[in-house]
Amino acid sequence: MEKNKFQNPSGMHDILPQDEFYYQKIYNTGQKILDFYGFEKIDTPILEMADLFSRGVGEATEVVEKQMYTLRTKGKDLLALRPEGTAPIMRAYLQHGMHTWLQPVKLWYFGPFFRHERPQAGRYRQFNQFGVEFLGEKSPIADAQIILILTAILEDLGFKNLVVKINSIGDSNCRPVYKKILLSFLKNKKSELCSDCQERIKTNPLRILDCKNAKCRQILAEAPQTINYLCPECHQHFKEVLEILDEIKVSYTLDSHLVRGFDYYTNTVFEVELAPVKKEVAEKKEEEIIAEGAVPVEAPKVEEKEELQLGSLAGGGRYDKLAKSLGGGDIPACGWGIGVERVVEAMKARKMKPNEPVVQVFLAQIGILAKRKTLRLLEDFRKERIRVAESLGRDSLKNQLARADRLGAKYTLILGQKEALDGEIIIRNMENGQQTTVDQKDIIKEVKKRLQQENK
Ligand code: AMP
C-alpha cells in the first residue's frame, strides 16, 4: 500500500482499540478508589486563557515559557491548550464559589494535556493525566492522604516496588532565604553548569536542583538542602506529613533535590517512580544455540538491562498560594497528577494485562432467516446482560466457529436454516464439541444455567 501521506502530529498518538483496555482499567481502578474517598469528578475545558497558566503556574517555568501551545481567537483572546490540570481546577473553584461549599472540596479529573516538549520515551506532546485536587484543607493529613490514595491506585493496578520521593520546598517566607543561600553556593560554579541551568540562575534557580545533566548533578550533590532552611511553620507541617506517612505505613524516600516544575508549589512536593524491572537482552540463550547444532565456543552472557526509564509515573504537592495568584483568597490545597501513558507503558513492560471483556457465548448463523432471527436474539441477550459475540457478515459455519474459538467462547449457539424454521437452536460446548438442540424460547435460560454452573 502507498505510504499514507497523513500521519499523527509528532508527539501525539492514536490510542488503538487494544490499548483502550489499559486506559479503561486505569480509569476504573482510580474511579473506584476515589469514589470511596469521596472525590467527585470535574471536567474543565481543553482551552483556557493563556494568562491563567502564566499567573498560576509561573511565567518563568519551562511549561509556560517554552511548552505552551497558544492561539489567538478571532475575538483576540489569547488561549492556551491546557498544559496541566491544577490551575484550571482552581480557576473553576474560584469562579463557581466552591469556597462556600462544605470544605474540603475533593475533585478528580481524567483527560488530555498538551506540552510542546521534545518527544521521547514516556514524553509526549499530547498525553493524558489522571489527577486529584484536595481543596480548602491545610492539615498535613490531606498531604499524607492523597499520597496514600495515589499509592493505593497504583498498587490496585498491580504495581509493586513503588518509590515515593518526597521533599518540602517551604513557602514564600522561607524559600527566598533558601534561594539566596543556593545562589551563593552556585556563585563560583556558574561556568560549570549546563546552559539551561546557567539560564535558570536568573529565572528559576530552584529548578537547578533537579537538573538531569550529570555534571550539574555532581555539583548539586553538595548543595544546601531546602529542608534545612524551612521556617518553623513549614518545618512543623513537613514533620507531621512524614509522621502520618510513617503511621499509615506508606514508605517514602526523602529527596532533597525534588522541587517540581511549577511555581505554585509550597511545602510538600512528591513524585512516584517504579523500581526498574530487569530485562534480558541476550539474543539467544545457550540452550537455544546448542539445540540449533552449533557449538558455543564460550557460554554467551545473558545480559541484564535496565528497563527504559520513563521518569516519574506521578507527581504532586501542596499549593497554598495558587488561589491568591489567581485573584482568590486563602485556599490551602494539594493534589497530584498521574501520567496515564507512562502507566500504560509500565504495565506493558511488566506484562500486566488489562481486563479485556470475556466473550462466553458466540452466536453463529446460517441462512438469511437465521441472520434476521439472530439480530433479535442478540437484543434479548443484551437485555439479560450476557455478552454475546457474532459474525453476522459471515456465512460459513467453519469460519464462525473458528472466530468463536479465537475469542475463547465457552458456548456457540448455532442457528441453521432448519432450526430457524423449527424454532430451535443448537448449543455447542466449545471445549468438548457436544451439541444439544433446545427450544429458541428457552435458550437464554439454558445459557444462564450453564454459565452459572461454570462459575461454581
Ligand atoms: P506534572 O504535571 O509535570 O507534575 O507531571 C505529572 C505526571 O504527568 C508525570 O509524573 C508524568 O507521569 C506525566 N507527564 C508529564 N509530562 C508528560 C509528557 N510530556 N508526556 C507524558 N507524560 C507526562
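Only the coordinates and a few stated rules stand behind these numbers; no lab work does. The shown structure was predicted, so the numbers you read here are calculated from the model rather than taken from an experiment. So basically every Cβ, Gly included, is an ideal-geometry build from the backbone, and we count neighbours across all protein chains shown.
Scanning the chain for chymotrypsin sites (Phe, Trp or Tyr not before Pro) in DSSP loops with at most 14 neighbouring Cβ atoms within 10 Å leaves 102-456 as the longest stretch between them.
Using only the Cα atoms of region 80-168, build the gyration tensor, take square roots of its eigenvalues as a ≥ b ≥ c, and label the shape rounded, prolate or oblate: rounded if a/c is under 1.5, else prolate if a/b is larger than b/c, else oblate. Because a/c hits 1.5 or more and a/b fails to exceed b/c, region 80-168 counts as oblate.
In whole percent, what relative contact order does region 361-455 give with Cα contacts below 8 Å and a gap of six or more residues?
Relative CO of region 361-455 lands at 28 percent.
Only aspartates and glutamates eight or more places from K106 in sequence, or on another chain, were considered; those with a Cα closer than 18 Å are D35, E40, D43, E84, E133, E137, D143, D320, D330. Is the chain rounded, prolate or oblate when judged by the Cα gyration tensor, a ≥ b ≥ c being the square roots of its eigenvalues, rounded requiring a/c under 1.5 and prolate requiring a/b larger than b/c? In terms of gyration-tensor shape, prolate. Sparse packing (at most 16 other Cβ atoms within 10 Å of the Cβ) combined with a DSSP loop state is found for the following trypsin sites (Lys or Arg not before Pro) in region 164-230: K212. Over region 79-235, Cα pairs under 8 Å with separation of 6+ residues give a relative contact order of 17 percent.
From the alpha carbon centroid of region 340-356 to that of region 106-129 is 16 Å. Relative contact order of the chain, please, whole-number percent, based on alpha carbon pairs below 8 angstrom and at least 6 residues apart. Dividing the mean separation by the residue count of the chain yields 15 percent. Among the listed pairs K25/K410; K66/K324; K3/K74; K215/K249; K321/K348; K189/K239, those whose Cα-Cα separation exceeds 27 Å are K3/K74; K215/K249; K321/K348; K189/K239. Under a model in which nothing but the beta-carbon of Lys, Arg (+1) and Asp, Glu (-1) is charged, region 96-166 shows a dipole of about 360 debye around its Cα centre. How big is the dipole moment of region 361-455 about its Cα centre under a simple scheme where the beta carbon of each Lys and Arg is +1, that of each Asp and Glu is -1, and everything else is neutral? Debye, nearest 20, please. Dipole magnitude for region 361-455 comes out near 300 debye. Restricting region 63-101 to trypsin sites (Lys or Arg not before Pro) that sit in a DSSP loop and have at most 13 other Cβ atoms within 10 Å of their own Cβ leaves K66, K74, K76. Rounded, prolate or oblate: which fits region 361-455, taking a ≥ b ≥ c as square roots of the Cα gyration tensor eigenvalues, rounded meaning a/c under 1.5, else prolate when a/b beats b/c? Rounded, because the longest to shortest axis ratio a/c is under 1.5.
Region 1-41 and region 166-219 have Cα centres lying 36 Å from one another.
How about region 303-379: which trypsin sites (Lys or Arg not before Pro) there lie in a loop by DSSP and see at most 10 other Cβ atoms within 10 Å? Taking region 303-379 and a limit of 10 other Cβ atoms within 10 Å, the loop trypsin sites (Lys or Arg not before Pro) found are K351.
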